[in-house]
1. Give the average, rounded to an integer, of partner chain Cβ atoms located within 10 angstrom of each Cβ in A:84-94.
2. For chain B, set up a GNM with springs between Cα atoms under 10 Å and report which of B:Met171, B:Met54, B:Met252 has the largest fluctuation.
3. Using the Cα gyration tensor of segment B:1-135, with a ≥ b ≥ c the square roots of its eigenvalues, what is the shape: rounded (a/c below 1.5), prolate (a/b larger than b/c) or oblate (neither)?
4. Work out the length of the dipole vector of segment A:1-146 about its Cα centre, built from +1 on the beta-carbon of each Lys and Arg and -1 on the beta-carbon of each Asp and Glu, and round it to the nearest 20 debye.
5. Using a ≥ b ≥ c from the Cα gyration tensor of segment B:202-272 (square roots of the eigenvalues), is it rounded, prolate or oblate, where a/c under 1.5 gives rounded and otherwise the larger of a/b and b/c decides, a/b for prolate?
6. Work out the FRET efficiency for A:Asp26 and B:Leu118 from their Cβ-Cβ distance, taking R0 = 45 Å, and round it to the nearest 0.05.
7. Which listed residue (A:Asn18, A:Gly74, B:Pro189) has the Cα farthest towards the positive end of the charge dipole for the protein assembly as shown, taking +1 on Lys and Arg C-beta and -1 on Asp and Glu C-beta about the Cα centre?
8. Taking 56 Å as R0, compute the FRET efficiency from the Cβ-Cβ separation of B:Tyr228 and B:Ala166 and round it to 0.05.
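The values are calculated or read from the model by the stated rules, or taken from the named source; none is laboratory data. Predicted, not measured: the structure shown is a model, and the values here were computed from it. Here the Cβ positions follow ideal geometry from the backbone for every residue, glycine too, while neighbour counts run over all protein chains shown. With ligands, DNA and RNA removed, areas are computed over all heavy atoms of the protein, side chains included. Shrake-Rupley method; radii C 1.70, N 1.55, O 1.52, S 1.80 Å.
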Amino acid sequence: MSSLLRLEGVSKIYQSRNGEIQAIEDVSFSVGEGEYVSIVGPSGCGKSTLLSIIAGLYEPTSGAVYINGTEVSGMSRDIGYMLQNDNLLEWRTIRKNVLLGLEIRRLLTPETIEYADDLLKKYGLYDFKDRYPSQLSGGMRQRAALIRTLAVKPNILLLDEAFSALDYQTRLALTDDVYGILKQEKKTTIMVTHDIPECISMSDRIIVLTKRPAKVKNIHNIEYPEGSRRPLARRNHPDFGRQFNEIWRELDVHV
Amino acid sequence: MYTYKGISKERCEYIRRIKRQKTLINVARIAVFAGIAALWEILAALNVIDSFIMSSPSRIAATISGMVSNGLMHHIGVTCLETFIGFLLGTLLGTAIATLLWWNDFASGVMEPILVILNSLPKIALGPVIIIWAGAGMQAIIVVAIAISLIVTVLDMLSGFINTDAEKVRMVRSFGAGKRIIFTKVVFPSNLGTLFTLLKVNIGLSLVGVIAGEFLVSKAGLGYLIVYGGQVFQMDLVMSSVIILAVVAALMYQAVALLEKYANRLLKFSTK
């Protein structure tokens, strides 16, 4: 697998009035095309910061991020970013929300609009295109947010705790859904989460980070046989519990 | 509505109860209003209160009907025009200044203490200064009206802009949006509610400014009538003008409320 994204010695030191905080220390890894990689770590370890650096929202203090061999600086057009909340704009219909990214990037053409409409149709939201976000369920809203991100055709998708605002049942159903969508669209995905079962059920690889300052502690390859690769199927597989325990131990959580 | 088929008996009962409650409130409102007017009239007729100082509903009615043929509409028109211009300019300028300050952190840092001081200063105190600067007449009155609504608008709009959902801003930024797009796509639309609340506040504030301005310097308007009536000791005229003013203020407020409803529908805000 050729590597699409590469992090080399990325460190981040925050400056604040109370002093310096080292959030990330010397993180390196690479992600291949079509891969689904999760980043887990103790809460507050700097995983979201890492994602923001990959997205180009923050600059690393040292080190660099490369996409297809080119160093990232500023917001990259290759990247679609999905946050914890769906952040749909309440005054826009679902369709206009989905077109927002294209609108901002000045990419609204009959072709791109058709592509967005196709996504809406494919993922069961076309009948709701003229509704407002407040008229949709949480799961549908998050799916609309995903389509908004996919509509700009990003090469790499970043999910920042994208499912954690949903209730448990919706989350299980939606992760299965999203997994299907992302595999079908062949998207390279990096997901940050604190939910261990969620990351085992969706990822090809899991990167475990240490407490702040975040360093790479371990990288797990997750392999499931054909036929039980979907998130819900994985949860029933005998390997699931073992993998959970391994990662749980590495996170070293103390209350 | 509740005669439609397929509605349960309980639902009919419920709707009927709500309607009855609504009617009762309306009847009570009219009764309270009529009661006060009647009491006022009776006490004046019995000479318990001095109708020369307190006036009375019948005298007010007579005065108003006399005023109609004596240029009342002109006075109402002048006051409304001044209020409307002051309100419009105060709100527009205030929103524009708030936008500039949101854009530029440095400028808003510099302006903050000035705004706080201006906000707590009673703007009427500037009346005499404004008259000298703007010239005695309608322009001075409008400036007073602007001065009263401007600072509140700047402060409230700015705090609304600053407190826009940071996650939404991050979302549009992730698509590569710059400051202008962040403002037009997220920050401003998020604060339309604040703007409409301010419109309602400002219509009242600029009316205060206009009446105060008319007290100081004017040849026409409801404020002028009130001051004139007071000077010539014609309390009927003062009371009549105050009552007309109350009606005008209520109508203006309703107009803004109606505009808000219409704009919300136009901007396709979901009202649910």
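1. 4
2. B:Met171
3. oblate
4. Around 540 debye, computed over segment A:1-146.
5. On the way: a/c = 5.11, a/b = 2.85, b/c = 1.79.
In terms of gyration-tensor shape, prolate.
6. Between A:Asp26 and B:Leu118 the formula returns 0.30.
7. Highest projection toward the positive end goes to B:Pro189.
8. That pair, B:Tyr228 with B:Ala166, gives E of 0.55.
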